[in-house]
Amino acid sequence: MNHVRFFSWIALGFALFPNAQAEPTIPIEEARVRFVSFARTIDTSVISALPVQHNGRIKPLDTLAREALIFVTGKYGMWGLSPIQIYLGLMLDESHTMIPLIEVRDPQLRADLKLSPGRRHYSVLELQTTELEKLAQPLAKKEEQNSKLLSPREKKIIETFQQLMLVRAISGGGHLFQAIDFSFGKHGTDPKASAGLDLVKAAGETYFKAVNSQDPAAARAAARDWIAVANNYPLPEIIAPYRATVPLEVMYNRVQPFFIAALAYILLALLILIPQTRNFLGTKRVVGLLAVPMLIHIVGFTLRVYITRFAPVTNMYGTMLWVAFGVALFSTILYGLYHQAIVVGFLVATSGLVLLLTHNMPLILSPDMDPIVAVLRSNFWLSTHVLTITISYAAFTVAMVLGNVGLVANIMGIRDSDFYRRYAHFTYRMVQLGVFLISAGIILGGVWADYSWGRFWGWDPKETWALIADLGFLMILHARFVGWVKDFGTLAWSTAAYLLVIMAWYGVNFVLAAGLHSYGFSSGGAAAVGIFVSVQLALLGTSALMYRARKTKAA
């Protein structure tokens, strides 16, 4: 790392933003109102597309601001402001230390730091008066030695301290100026590159002076000049292609195609599930309407693939999007085969809810599109092994949803044997499809492992749990084939076996966090998953007890 250049950028930031270390004494709410009023005047229409270098690729300033805000606040935006307005506002507004932006996520840590109760977001000034920095300093050394030695509480302390340091870096200008230094981290710079960086720096100074002067027209012109200068800077061949996708990425961020698709799926589900509208639509209209959200979904995938140049399943966020699409696709196939509109309604609603869940958990399911680790940089294997494994999760999700429909129907006292027969048949077909796909995915993964790691199978946690999930659903197929389980049993056991998918899909990455698949590890979401598992087990247990009691009474 070129530390001299890094600190020169920090110095430039303090020169441009002399109030970066100011600690105004006005009340927090007054500071927030003033900050929001100022940030709202920042015109982001042009500056959003400023190319910056961050996490191994060229991305727009809009994305840099969005990712920073998600980490600091846990949200895409606050107070009606866009991420880039908040980002630039922190750099330019003198009351930034009073703005309650930093989310302290752990309740116990909030209590330990003696922060104001009833709140989750705090200002830099508030956190500076606590013992956070004192607690974090020894933990930083411990994390550097071996992050696995940190306890959950220690990880929360480190995370909160990193949030504080990031806000400081943004407000001081160092975060942005490091990102626009396209040679940052290099040992030595040729004269032409140094001259180019001087031009980039000068253009940035002009832009911020224009913004501070409250001249929107001059700010837009300065932003265009800054972008033009940045686009003329020579880049290494490995990251240069990303610069061409910057305007498209800005559009992708603003349009939010997956959020639109989620709303379209849910609206369509309501139209199908409401008897009056379902009867009006008919078969052809349902098929036509199904194509609308799926096309929006495909457009979102296309944009992500074009921007990243890899298949859209490089992180948990991508697999959630892919599974949601798979559920919609398989529901369309079921509708084409059996013309069961209500079944499609439940499944399309599931696709929409999965997308909404993904959209509303950006801190846990990170939407970033940064380059993947070297072992994954194979579009062939990503498009075969990973897509195949995760699309099998979609088939199992369909089976789980249909199984739960059967469980709820049983609790509600529905006795129609034809109803259970139909839903058990659909569930059985989806389990067959899922088992085929996950088995093929496991085999393909073994081939990739042999190619990448020199062994076909190693009982890695991810491999092991994928195999366990496969065997769990295989047991259902065999039990139904030999007559050990009937219609209700097929529905019930499909919901139980889905918990194995949860472990293979979520548990290995977020709970175990061990094994060679370390590039997929993350944290968070345990409460939401725990609630889902608890509700599923309660629903399964209640329905099974009621079914057995009814069978005993009938005997």
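Coordinate-derived values only; no laboratory data. This structure is a prediction, so every number in the text was calculated from the model and none was measured. Backbone-built Cβ (ideal geometry, glycine too); neighbour counts: all protein chains shown.
For Lys209, a cut-off of 22 angstrom between C-alpha atoms picks up these lysines, skipping any fewer than 8 places away in its own chain: Lys201. Only helices enter the 222 nm calculation for the chain: every DSSP H run of n ≥ 4 contributes -39,500 (n - 2.57), and dividing by all residues gives -22500 deg cm²/dmol, rounded to 500. Listed by chain and number, the lysines whose C-alpha is less than 24 Å from the C-alpha of Lys553, apart from same-chain residues fewer than 8 away, are Lys486. Run the reach check for Lys142 against lysines, Cα to Cα strictly under 24 Å, same-chain hits fewer than 8 apart removed. What comes back? Leaving aside lysines fewer than 8 places away in the same chain, those within reach of Lys142 are Lys134, Lys155, Lys156.
State which stretch of the chain is the longest one without any exposed GluC sites (Glu not before Pro), exposure meaning a DSSP loop state and at most 15 other Cβ atoms within 10 Å. Intermediate results must be reported in sequence, preceding the final value.
Working: sites that count: Glu131, Glu237.
My reading of the result: 238-555 is the longest stretch.
Would you mind working out the magnitude of the charge dipole of the chain relative to its Cα centre, with +1 at each Lys and Arg C-beta and -1 at each Asp and Glu C-beta, to the nearest 20 Debye?
Values: 47 positive and 35 negative charges, 355 e Å.
Around 1700 debye, computed over the chain.
Out of these labelled values of mean projected area of the Cα convex hull in nm², (1) 24.8; (2) 70.6; (3) 29.6, which was calculated from the coordinates shown here? From the options (1) 24.8; (2) 70.6; (3) 29.6, the structure gives (3). Taking max minus min of the alpha-carbon positions on each principal axis, the range 375-503 gives extents of 55, 26, 20 Å, largest first.
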